[in-house]
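Let me give you the structure first, and then I'll get to my questions.
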Amino acid sequence: MQHRLHSGPRSNLSFIGTGVRLEGSLLFSGKFLVAGELRGELHGDGELEIAQTGMAEGEIHTNELVNSGRTKGSILVANRVEFKAGCHHQGRVAAPKILIDPEAKFEGKLIMPDAAPTPVPSPWISKKRLQIAAGLVLFLAAGIATTAISRESPDYLHNIWKRLDVIWEARVAEWLKPGEPKNMKLRVEELQRRYISEAALLESKGEFENAAVSLRKALTLKGSRQNVARYRLAKILAQQNHASKAIREVQSLLQRTPGHIEGMILLGDLYVRSGQLSKALEIYREAYLREPEDIVLKRRLQLVEARVRSVRPESAKPAEEAPDPTQVLINAERFISSKDPARAVNLLRGAIEKAPDNARFHFLLGAALVQMNRRSEAIRAYEKVVSLSPDWLDGYIRLGALLESNGRDKDAIALYQRATGFDSNDIEMKIRIAKLHRSRERNKTAQKILLDLLKENPRSSRVLVELGVFLWETGQTEESKKMFFQVLEIDKDSAPALNRLAWFHRRDKESLDHAIKLSKRSLEIQPDTPAYLDTLAELYYRNGESVKALPLIQRAIELDPGSRYFRLQLEKFKRASRK
């Protein structure tokens, strides 16, 4: 169960002290300082400050925020947010005013909605446009006067009108139109975004009824943010104790998007609140199958299971109960992580006999069989996973990797294409398809897939890296370099781009020092990466510093002992160091 704490205005400053850890929802007013750790939701109408020692994970709704610590999740601020030097935020931020110090680290999306709750339409004509129109009238009058005075041919006036018409269409007419997108789909998207941003501001001010009205307006539009609007509406209804209405909204959301984890958790919470423990248990278990690493979700599941067991009469117990799914999963994960896969296999096969439709049992069974190098059996286990949970993408990834390792590229491509049907925006699946086409020497097909992905995701460093690697592998070196430079413009800490650009410089003796710096930076970001260690070792070798190359390639061999290439590199560096 989630606990809700109230921090009232009885003192000028309320705070969570250093060393204090809280989980749940917290409401505050006035000034509030977080110097400890909070996991959950934080709602307030005052000033919130995250200290350097503070950490907050979850949704934050407040009037003003000053962040000097670590935050993760969505931040909705009614007035002003400031990210101080040394802070680190991961997630979405919506606020009218946003200040980010150059030394702050931000990973996510910034949204700066209008300050006014309702978007004010742009005036049809501004002062500047009026001046332009007046100038054109004067120009027209001068042209007519000139024609009358000079008594030129009748075509002269016609030519002036024709030229003015061209100027008007090319330069002026567009300025006099309101700044709405011409494309109807874009207009719908923009209007839906405005309603959702408006609702966020109203919610942060405590105007929940008005926020719900804005979200309902957003839902009437067939834009891409339907799920966001419906989930937020359900949360507002839940906060207002309209449980039955909130349940209907979440059920509608899950019909549209069955794998929406936040929606599943919210539905489980609503079932618990309304006393429907068996339904809550069912939805929590389904969510846990998708997110087994979520500690808060696991705790919710255990609490509800304990409550369900406590209300069952002893006489109703069957002679032989089915295994407790949560405990089976926890024990199996422990056996796998401790490199004892045989015990995990025995435990899971026993559980599958009594619960054959539990996809998570089959998923962990596949993982244990892979550890035992029983790949054919593992393939069958993962095939069962995707048949039981056809929208569980991780099952497709595991199964596809096994099919690839068995040389069944064609089957893997078909599997990944099937997976993209459940999420057309899944970049990883499409990249895997492109790589498989590349391995089958279908370079044109692979390149087309990657270029189409780049059109859809022009700011995706993941896509740019893969396209850069593809271009390099197919001998298009200059085009490949351009891709990696674009990656660094988007993400200056992209280790793959830094390593690849360093490798490009290995033949250029004048640029070796710069290449070494790039390579060192890649290893600072992703230490103990064998390929990156080899790059730096090769650069030292070409710079006449083979002694420095030896420990690097030796470490690469420790990390990847099966690589023959690294051993050949070691022999090369040894010979050079003896000279």
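The values are calculated or read from the model by the stated rules, or taken from the named source; none is laboratory data. All figures in this text were calculated on a predicted structure; none of them were measured in a lab. Backbone-built Cβ (ideal geometry, glycine too); neighbour counts: all protein chains shown. Just so you know, the surface numbers come from the protein's heavy atoms only, side chains and all, with ligands and any DNA or RNA stripped out. Shrake-Rupley method; radii C 1.70, N 1.55, O 1.52, S 1.80 Å.
For the range 362-456, rounded, prolate or oblate, judged on the Cα gyration tensor with a ≥ b ≥ c (square roots of eigenvalues), a/c < 1.5 rounded, else prolate if a/b > b/c?
Taking the square roots of the gyration eigenvalues as a ≥ b ≥ c, the range 362-456 is oblate.
Another question, then. In the range 423-551, with Lys and Arg counted as +1 and Asp and Glu as -1 at Cβ, which of these residues, PRO496, THR535, GLY475, has the Cα nearest the positive end of the dipole, that is, farthest along it?
The residue sitting most towards the positive pole is GLY475.
Looking at this model, which pairs from LYS339/LYS435; LYS217/LYS430; LYS435/LYS572; LYS105/LYS435; LYS109/LYS217; LYS448/LYS572 are more than 28 angstrom apart at the alpha-carbon?
Going by Cα-Cα distance, LYS339/LYS435; LYS217/LYS430; LYS435/LYS572; LYS105/LYS435; LYS448/LYS572 fall outside the 28 Å limit.
Another question, if that's okay. Using the Cα centre of the range 340-467 as the reference point, and only Cβ charges (+1 on K/R, -1 on D/E), how large is the resulting charge dipole? Debye, rounded to the nearest 20.
It comes to approximately 340 debye.
At a probe radius of 1.4 Å, what is the per-residue accessible area of ARG187, in Å² to the nearest 10?
Accessible area of ARG187: about 100 Å².
In whole angstrom, how far apart do the alpha carbon centroids of the range 508-579 and the range 421-484 sit?
The distance from the Cα centre of the range 508-579 to that of the range 421-484 comes to 27 Å.
Mind listing the long-range amide H neighbours of LEU22? Cut-off is under 5 Å, sequence gap 5 or more, other chains count too, H placed in the peptide plane at 1.01 Å from N.
Here the answer is GLU37, LEU38, ARG39, since their amide H atoms fall under 5 Å of that of LEU22.
Okay, moving on. Against the 2.2 N^0.38 Å scaling, with N counting residues, where does the range 375-511 land? I'd like the Cα-based Rg ratio to two decimal places.
Numbers: Rg = 16.8 Å, N = 137, 2.2 N^0.38 = 14.3 Å.
For the range 375-511, the normalised Cα radius of gyration is 1.18.
List every residue whose amide H lies under 5 Å from the amide H of ILE111, counting only residues 5 or more places away in sequence or on a different chain, with H placed 1.01 Å from N in the peptide plane.
VAL93, ALA94, ALA95
Can you list the HN-Hα couplings for the range 263-279, worked out from phi with the Karplus curve (6.51, -1.76, 1.60; θ = phi - 60°), rounded to whole Hz and with x for Gly and Pro?
Values per residue, Gly and Pro as x: x, 5, 5, 4, 5, x, 4, 5, 5, 4, 4, 8, x, 8, 5, 5, 5 Hz.
I need the per residue convex hull volume for the range 451-510, using only the alpha carbons, in cubic angstrom as a whole number. Spell out each step's value before the answer.
On the way: hull volume 4.6 nm³, N = 60.
Once divided by residue count, the hull of the range 451-510 is 76 Å³.
One quarter of the convex hull surface, Cα atoms only: what value does that give for the range 490-550 in nm²?
Result: 3.8 nm².
Which whole-Hz couplings ³J(HN,Hα) result when phi for each residue of the range 220-225 is put into the Karplus expression 6.51 cos²θ - 1.76 cosθ + 1.60, θ = phi - 60°, listed in order with x for Gly and Pro?
Residue by residue, the range 220-225 yields 6, 9, 8, x, 7, 9 Hz.
Once amide H atoms are placed 1.01 Å from N in the peptide plane, what residues at a sequence separation of 5 or more from VAL66, or on another chain, have their amide H within under 5 Å of its amide H?
LEU48, GLU49, ILE50, GLU82
Any idea what the dipole of the range 482-565 comes to, in debye rounded to 20, about its Cα centre with Lys/Arg Cβ at +1 and Asp/Glu Cβ at -1? Please report the intermediate quantities before stating the final value.
Values: 13 positive and 13 negative charges, 50 e Å.
It comes to approximately 240 debye.
Also: Compare the Cα positions of VAL463, ALA378, MET429 along the charge dipole of the range 377-463 (+1 at Cβ of Lys, Arg; -1 at Cβ of Asp, Glu; about the Cα centre) and return the one farthest towards the positive end.
Selected residue: VAL463.
What does the accessible area of THR420 come to, in Å² to the nearest 10, when a probe of 1.4 Å is used?
30
Please report Rg (one decimal) and Dmax (integer) in Å for the Cα set of the range 458-579.
Both quantities, over Cα of the range 458-579: 14.5, 49 Å.
Over its Cα atoms, what ratio of radius of gyration to 2.2 N^0.38 Å does the range 218-304 give?
Dividing the Cα radius of gyration by 2.2 N^0.38 Å gives 1.06.
Take peptides 234-246, 394-406 and line them up by average Cβ neighbours within 10 Å, highest first, as a rough protection proxy.
Taking the mean over residues of other Cβ atoms within 10 Å, the ranking is 394-406, 234-246.
To continue, here is another question. Taking θ as phi - 60°, what are the ³J(HN,Hα) couplings along the range 386-399 by the Karplus curve (6.51, -1.76, 1.60), each to the nearest whole Hz, with x for Gly and Pro?
Computed from phi, the couplings for the range 386-399 are 6, 6, 7, 10, x, 10, 8, 5, 5, x, 5, 5, 5, 5 Hz.
Okay, next question. Give me P(r) over the range 528-575, computed from all C-alpha to C-alpha distances, binned every 5 Å, as integer percentages.
P(r) for the range 528-575, in whole percents per bin: 5, 28, 37, 21, 7, 1.
Keeping all protein chains in the complex and leaving out DNA, RNA and ligands, what accessible area do you get for LYS298 with a 1.4 Å probe, in Å² to the nearest 10?
Probe radius 1.4 Å; accessible area of LYS298 about 50 Å².
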